[in-house]
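Accompanying notes for the structure given below.
The values are calculated or read from the model by the stated rules, or taken from the named source; none is laboratory data. All values reported here derive from a predicted model rather than from experimental measurement. With ideal geometry, Cβ positions are generated from the backbone for all residues, glycine too; neighbour counts draw on all protein chains shown. All accessible areas refer to the heavy atoms of the entire protein, side chains included, with ligands and DNA or RNA removed. Shrake-Rupley method; radii C 1.70, N 1.55, O 1.52, S 1.80 Å.
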Amino acid sequence: MTKIVDLRSDTVTQPTAAMRAAMMAAPLGDDVFGDDPTVNALQEKLAALLGFEAALFMPTGTQSNLCAILAHCGRGDEYIVGQLAHTYRYEGGGAAVLGSVQPQPLVQDASGQMALADIAAAIKPDDCHFARTRLLCLENTWNGHPMPASYLQQASALAREKGLAVHLDGARLFNAAVASRQDGESALASAKRIAGHFDSVSVCFSKGLGAPVGSMLCGSKELIARALRIRKMAGGGMRQVGLLAAAANHALDHHLERLADDHALAQRLAQGLQGVNGLTVRSAQTNIVFVDVADGRGPDLLAHLKARGVLATGLIGLRFVTHLDVDAAGIDHALACIRTFFDQPATAVAAPAARGAAVY
Ligand SMILES: *Cc1c(COP(=O)(O)O)cnc(C)c1O
């Protein structure tokens, strides 16, 4: 059986043998009683590494963002968020459904930034007509784009000046950290610098870090105490969950710096696609390569690739994500298959339905 080159997402990785061994060896306790030493150690470790007082282990990034928004905002408050941000678009509207927190979505540019003037204009005055604007929510990376430090600085300064808290959906914070680090800086030091602009940060272990499950919300002691109540309410109180925290801890110790390999593979794919007639590489700054396919041939290309053991997602714009379980040979196989496809004459195809492809 040939190996599948699964480029749908960095969530598809299998835990390595060393990660499984770390999971099996972890001391465990009932985390709802606060008794799991592996969870407690991981929470303390990541909070310290990113410069926060406290942290809370979460089953998913969705629950982590939800707990953050509900810990920052009360009923009838609002949060400002990009209209293509994961928190707004891909989390089932949880903050509105479960917290009666109104989103104020704003247009983002091609790299995911909301204009500072739009943010300023969206902050409501203190007046009984309006919801109270409480929180600005950013995302880094957004669609594989690392946010420039100057933007993070200016957006968070603007929010603070207006009395808003600032939350980062940093599902791929460490990819952003690796892509935007200064010369000689470690991935962790760079991540801490990014986190320093925020009152709370949510990170995923289940994406590029290669753990099977898990996210972490970091913030002040007070915020994390509120988030703990909300996590319990949301059904996220887990018991001997040190099994999963051990995987996350292993990922932190062993899979951070190697994110640079994923970024290099994304570059290898993007560069290999240069000059292929019929597609355009839109962006490839971290581990995600977006490709626009001409003439509505996206779905056909996906089917062609799938028949050859290469998986990706999308419709018009296709998405290829590199991760721990892909290597250069896999990327070269994907490239060869894409090239073969475009050597073929186009068959007549209907334009794909105009609906947004999901981005996980
Ligand atoms: C994956 C992801 C999340 C959280 O997703 P879960 O599947 O709930 O862990 C949040 N934000 C972004 C940007 C993501 O990519």
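Filtering the stretch 238-248 to residues that are under 18 Å from the mean Cα position of the chain (by Cα) and either open to solvent by 40 Å² or more (accessible area, probe 1.4 Å) or without any contact (Cβ under 8 Å) to a residue 12 or more places away in the chain (or both) leaves nothing.
With respect to (1) closer than 17 Å to residue 199 by Cβ; (2) surrounded by 20 or more Cβ atoms within 10 Å (Cβ to Cβ), the lone exception for residue 74 is condition (2).
Screening residue 121 against (1) aliphatic (A, V, I, L, M); (2) more than 16 Å from the ligand (Cβ to nearest atom); (3) in a loop (DSSP other than H, G, I, E, B) leaves a single unmet condition, (3).
The selection criterion, being among the polar types (S, T, N, Q) and under 20 Å from residue 209 (Cα atoms), does not hold for residue 271. The C-beta contact set for the stretch 256-267 (first residue open to solvent by 10 Å² or more (accessible area, probe 1.4 Å), second residue of a type in the set (Ser, Thr, Tyr), distance under 6 angstrom, 6+ apart or interchain) comprises 263/286; 265/322. Residue 308: free of Cβ contacts under 8 Å to residues at least 60 places away in the same chain and open to solvent by 20 Å² or more (accessible area, probe 1.4 Å), yes or no? Judged against the criteria, residue 308 is a match. Please specify each residue of the stretch 47-105 satisfying the condition of being assigned to a loop (DSSP other than H, G, I, E, B) and within 15 Å of the ligand (Cβ to nearest atom). Hits for the stretch 47-105 are 59, 60, 83, 84, 85, 90, 91, 92, 93.
Among the candidates 304, 333, 263, the residue that is over 28 Å from residue 172 (Cα atoms) and at pLDDT 95 or above is uniquely 304. Contact map, the stretch 183-212: residues that are in contact (Cβ under 8 Å) with a residue 12 or more places away in the chain and within 15 Å of residue 251 (Cα to Cα) paired with residues that are open to solvent by 20 Å² or more (accessible area, probe 1.4 Å) and more than 14 Å from the ligand (Cβ to nearest atom), Cβ distance under 6 Å, separation 6+ or inter-chain. Pairs shown: 187/257; 188/49; 210/324; 212/15. For the condition outside the structural domain of residue 232 (by TED's automatic domain parsing), touching a His at 6+ places or on another chain (Cβ under 9 Å), closer than 21 Å to residue 247 by Cβ and of a type outside the set (Asp, Glu), residue 5 does not qualify.
List every residue pair whose Cβ atoms sit under 6 Å apart, with the two residues 6 or more apart in sequence or on different chains, where the first one lies in the stretch 1-20 and is farther than 21 Å from residue 332 by Cβ and open to solvent by less than 100 Å² (accessible area, probe 1.4 Å) and the second, anywhere, is in a helix (DSSP H, G or I) and among the hydrophobic types (A, V, I, L, M, F, W, C). Close Cβ pairs (under 6 Å, with a partner that is in a helix (DSSP H, G or I) and among the hydrophobic types (A, V, I, L, M, F, W, C)) amount to 15/247; 19/247. Residue 48 passes every criterion in (1) within 15 Å of residue 215 (Cα to Cα); (2) open to solvent by 60 Å² or more (accessible area, probe 1.4 Å) apart from (1).
Given the criteria among the aliphatic types (A, V, I, L, M), more than 16 Å from the ligand (Cβ to nearest atom) and either open to solvent by 10 Å² or more (accessible area, probe 1.4 Å) or more than 22 Å from the chain's Cα centre (by Cα) (or both), does residue 42 qualify? No: the conditions fail for residue 42.
Of the residues making up the stretch 140-190, those that are open to solvent by 20 Å² or more (accessible area, probe 1.4 Å), away from the ligand (no atom under 16 Å from the Cβ) and not small (Gly, Ala, Ser) are 148, 153, 154, 158, 160, 161, 162, 181, 182, 183, 185, 188.
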